[in-house]
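Input: a single structure, listed below in structure tokens.
The values are calculated or read from the model by the stated rules, or taken from the named source; none is laboratory data. Everything numeric here is computed off the predicted structure, so don't read it as measured data. Note: ideal-geometry Cβ built from the backbone for every residue, glycine included; neighbour counts use all protein chains shown.
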Amino acid sequence: MASVATLPKSGAAGAQAAADAGILVVDEIVKQFDTPEGPLIAVDRVSLSVRPGEFLAVIGPSGCGKSTLFNIIGGLLDGYQGAVTVGGETVRGPHPAIGMVFQEESTFPWRTLIENVAFPLEIAGMSRKDRFVKAKKFIALVGLSGFENRYPAELSGGMRQRVAIARTLASEPKILLMDEPFASLDEQTRLLLGDKVLQIQQDLKQTTLLITHNITEAVQLADRILVMTYRPGRVKRMVEIDLPRPRSSDVVSSEAFGRYVAQIWSDLREEATRGMQDEESRTLQAGDAS
Amino acid sequence: MSMAAVTRTRIFPLALGIGALAAAILAAEVLIRVGVINRFIVPLPSQIVPAFERVIVEEDIVERFRLTFFEAFTAGAMITVVGVSLGFLLFRINILRQATETWVAALASAPTVLMYPLFLVIFGRSAWTIIMMGFVAGLPPVILKTIEGLAGTRRVLINVGKSFKLTGPQLFTKILFPAALPTIFVGIRLGLIFTLINVVGVEFLINFGGLGQLINDLAERYDLPGTYAAICFVILVSVCFFVLTERVERWLRPVD
């Protein structure tokens, strides 16, 4: 039976313990939005710590504040309580140690594949020749050698998402932060890209934080999975995934994998149901009001 | 070669375009000859063709073409520089945009050509009156389409830029501007259409300058084949501009 460890310890002691071990520490984050219906707490006292080289997945139902958490950690959202630190340094705005991969298609359509991947190097002031040499390394890493001079419109959705990953990796971030990067892809492509991400993570020892709502994806990729509650988004449970590494998509057929999926689903089911009921009641209210 | 393969060749669209034009000219010739179209309003295409030589030899068409092209090009460059700059300003300063966007849109549909007496007073009977009239007429679509293009930049692309810690000017030159470029060029093309119409129109009205003045002169002389031949040269100016803008757009953004 898979081991399940509950987390987190709220408060200063818990945060200190997390900070001791983590390269990325999220400490008691609270984010509230003002909506026409009144204040909405999207994320409530969420703490987590990602260890160097670790793959941590954050999973939760739609509306649990996963993307809010992604934007806070990436420095794209402010006006929250708590703190995000990278290597002990507080994150205020986008941090060079954090590389972000977004859920939506984010390649630049006016740039070729190699120009896309070399983009962060261009911003860093590297010469065209040097940045193209370096970009080719990362293009090879995501398995797109030979497509350097193609434009995104000439690539499939999965290939474009690999370009986005390569572009982020080219900036050599200490932490790779991904927000449902495979959400728009079909299941087979998703599994295969999962393999690619696993391989990259193993090759680069890349510390990775993945935000997802897909249980199989989280179990396939992660060392630990943080399960969030539906609104307000709180930490419900931390699950250690004790599956052997190196992993591939073959792991999905193992018995242990199935147990983890079932276990996380039992945690998520209650939250997802609550989310669905909440959505239905809001739809009904909106209908009555109109 | 199959029909599908033929249609994919580069020469096919060109040949189809020329063929369609030739068919339209032929249809006009027939309709005029059988009396469906009044030949005192529209001359026979077969009369227009020889008029080209007369217009070129007797009416100094090269100089007139050059003058109209210069006026339209100057006004076009001005609407591009000023329009894109103002569009960016209105995009960045929301209160300014809210305060003026409706007025700019209203200006786009206003018959500004009727203001030519005012421009004559300000700039005199010179090329600058024509250029400024063209500029005023062509400016609004460039401003509006620049705002639309910049505002329509996908949020995720801006977030990518922010995640790489781009500065404000970098965000504009590396992401906002290239993302908005196709829409901006739609505005520039629209602006150029308005500009060229006004340039030729004002040349006609004030009887000064290039092709517009020539059309006026030939119409006054009731030289209909010559008038239509001169109109063809106006179309040629328009074609030159569209080829030029397409080349510039392709150079700035090689793919779409």
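Below, the figures for the structure above:
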| item | result |
| --- | --- |
| The range A:81-96: number of residues that are within 11 Å of chain B (Cβ to nearest Cβ) and either in contact with an Asp or Glu (Cβ under 6 Å, 6 or more places away or on another chain) or in contact (Cβ under 8 Å) with a residue 24 or more places away in the chain (or both) | 1 |
| Residue that is within 13 Å of chain B (Cβ to nearest Cβ) and out of contact with any Leu (no Cβ under 9 Å at 6 or more places or on another chain), where the choices are A:Ala164, A:Ala170, A:Ala140 | A:Ala164 |
| Single match in A:Asp186, A:Asp203 (criterion: free of Cβ contacts under 8 Å to residues at least 40 places away in the same chain and either assigned by TED's automatic domain parsing to the domain that holds A:Ser62 or of a type in the set (D, E, K, R) (or both)) | A:Asp186 |
| Filter result (of a type outside the set (D, E, K, R) and over 21 Å from B:Phe135 (Cα atoms)) within the range B:92-107 | B:Ile93, B:Asn94, B:Ile95, B:Leu96, B:Gln98, B:Ala99 |
| Among (1) away from every other protein chain (no Cβ under 14 Å); (2) under 19 Å from the mean Cα position of the chain (by Cα); (3) of a type in the set (Asp, Glu), the one test that B:Glu249 misses | (1) |
| Subset of the range B:150-181 (residues that are more than 9 Å from chain A (Cβ to nearest Cβ) and either under 30 Å from B:Leu236 (Cβ atoms) or in contact (Cβ under 8 Å) with a residue 40 or more places away in the chain (or both)) | B:Leu150, B:Ala151, B:Phe172 |
| Failed criterion for A:Ser106 (all others in (1) in a loop (DSSP other than H, G, I, E, B); (2) more than 8 Å from chain B (Cβ to nearest Cβ) hold) | (2) |
| Pairs, first within 11 Å of chain B (Cβ to nearest Cβ) and free of Cβ contacts under 8 Å to residues at least 24 places away in the same chain in the range A:145-161, second part of a loop (DSSP other than H, G, I, E, B) and not hydroxyl-bearing (Ser, Thr, Tyr), C-beta under 9 Å, six or more apart | A:Glu154/A:Phe147; A:Glu154/B:Val255 |
| The listed residue being part of a helix (DSSP H, G or I), without any contact (Cβ under 8 Å) to a residue 60 or more places away in the chain and more than 16 Å from the chain's Cα centre (by Cα), out of A:Arg269, A:Arg245 | A:Arg269 |
| Residue among A:Ile165, A:Ile114 that is modelled with pLDDT under 95, closer than 28 Å to A:Leu191 by Cβ, among the β-branched types (Val, Ile, Thr) and in contact with a helix residue (DSSP H, G or I) (Cβ under 8 Å, 6 or more places away or on another chain) | A:Ile165 |
| Residue ranges of helices (runs of 4 or more DSSP H) in the range B:58-163 with at least 2 members closer than 30 Å to B:Leu218 by Cβ and touching a helix residue (DSSP H, G or I) at 6+ places or on another chain (Cβ under 6 Å) | B:61-92, B:116-123, B:127-151 |
| Flag for A:Met159 being touching a strand residue (DSSP E or B) at 6+ places or on another chain (Cβ under 7 Å) and either modelled with pLDDT under 90 or closer than 29 Å to A:Ala57 by Cα (or both) | no |
| Which numbered condition B:Leu192 misses (of (1) more than 14 Å from every other protein chain (Cβ to nearest Cβ); (2) over 19 Å from the mean Cα position of the chain (by Cα)) | (2) |
| Of all residues making up the range A:109-126, the number that are within 19 Å of A:Pro173 (Cβ to Cβ), outside any helix (DSSP H, G or I) and either touching a residue at least 40 places away in the same chain (Cβ under 8 Å) or facing chain B (nearest Cβ under 9 Å) (or both) | 2 |
| Per-region count, the range A:201-215, residues buried (at least 21 other Cβ atoms within 10 Å of the Cβ) and over 24 Å from A:Lys31 (Cα atoms) | 2 |
| Any hit, the range B:220-235, residues being more than 14 Å from chain A (Cβ to nearest Cβ), assigned to a helix (DSSP H, G or I), under 16 Å from the mean Cα position of the chain (by Cα) and surrounded by fewer than 16 Cβ atoms within 10 Å (Cβ to Cβ) | yes |
| So B:Ala75, is it under 15 Å from the mean Cα position of the chain (by Cα) and not acidic (Asp, Glu) | yes |
| Residue within the range A:97-117 that is closer than 30 Å to A:Gln277 by Cβ, polar (S, T, N, Q) and in contact with a strand residue (DSSP E or B) (Cβ under 7 Å, 6 or more places away or on another chain) present | yes |
| Any pair with Cβ under 9 angstrom, 6 or more apart, that starts in the range B:91-120 at a residue that is in contact (Cβ under 8 Å) with a residue 12 or more places away in the chain and ends at one that is surrounded by 12 or more Cβ atoms within 10 Å (Cβ to Cβ) and of a type in the set (Phe, Trp, Tyr) | B:Arg97/B:Phe91; B:Ala108/B:Phe194; B:Thr112/B:Phe194; B:Phe119/B:Trp128 |
